[in-house]
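Participant: This is the structure, below, for whatever I ask next.
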Amino acid sequence: MKGNPEERAVRLGEYIAQTHATVRTAAKAFGVSKSTVHKDVTLRLRRLDRVLYEEVRAVLQSNKDERHLRGGLATRHKYHPED
């Protein structure tokens, strides 16, 4: 999903807000880099749609707050797959 950066930013924002996706998941779904997703939803989306930007920012903050928990669970599963 290359093309118009403004349109991509809005579509990425809607996707993240609806699915609570991480930046990495959104990047994979849209075929762009994590850096592109981050730039689109922080800089471009802020100018284009302030309400959507605030929703996305809340989701990204939630993902960041939970990041250490996900990492711990992945490590636990790696060494104890039966848990």
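Read the figures in this text as sums done on the coordinates, not as results from a lab. The model shown is predicted, which means the values in this text are computed figures rather than measured ones. Methodologically, a virtual Cβ is constructed for each residue, glycine included, from the backbone with ideal geometry; neighbour enumeration extends over all protein chains shown.
Participant: How do 65-77, 14-26 rank on mean C-beta neighbours within 10 Å, highest first?
Facilitator: For the peptides 65-77, 14-26, the packing ranking is 14-26, 65-77.
Participant: Projecting each Cα onto the charge dipole of segment 5-79 (Lys/Arg +1, Asp/Glu -1 at the beta carbon, about the Cα centre), which of Asn63, Val51, Thr19 comes out farthest on the positive side?
Facilitator: Asn63
Participant: Take every Cα pair under 8 Å in the chain that's 6+ residues apart, average their separations, divide by the length, and report that relative contact order as a whole percent.
Facilitator: Computed over the chain, the figure is 31 percent.
Participant: Rounded to the nearest 500 deg cm²/dmol, what is the calculated helix-only ellipticity per residue at 222 nm for the chain, with -39500 (n - 2.57) per DSSP H run of length n ≥ 4?
Facilitator: Counting only the DSSP helices, I get -24000 deg cm²/dmol.
Participant: Under unit Cβ charges (Lys, Arg +1; Asp, Glu -1), what dipole magnitude, rounded to 20 debye, does the chain have relative to its Cα centre?
Facilitator: Dipole of the chain, to the nearest 20 debye: 380 debye.
Participant: Oh, and also: Taking Rh as the Kirkwood radius computed over C-alpha pairs, what is the Stokes-Einstein D of the chain at 10 °C in a medium of viscosity 1.306 mPa s, expressed in µm² per second?
Facilitator: 118 µm²/s
Participant: Angle, helix 5-19 long axis vs. longest principal axis of the chain, Cα atoms, 0 to 90°, nearest 10?
Facilitator: Rounded to the nearest ten degrees, it is 40.
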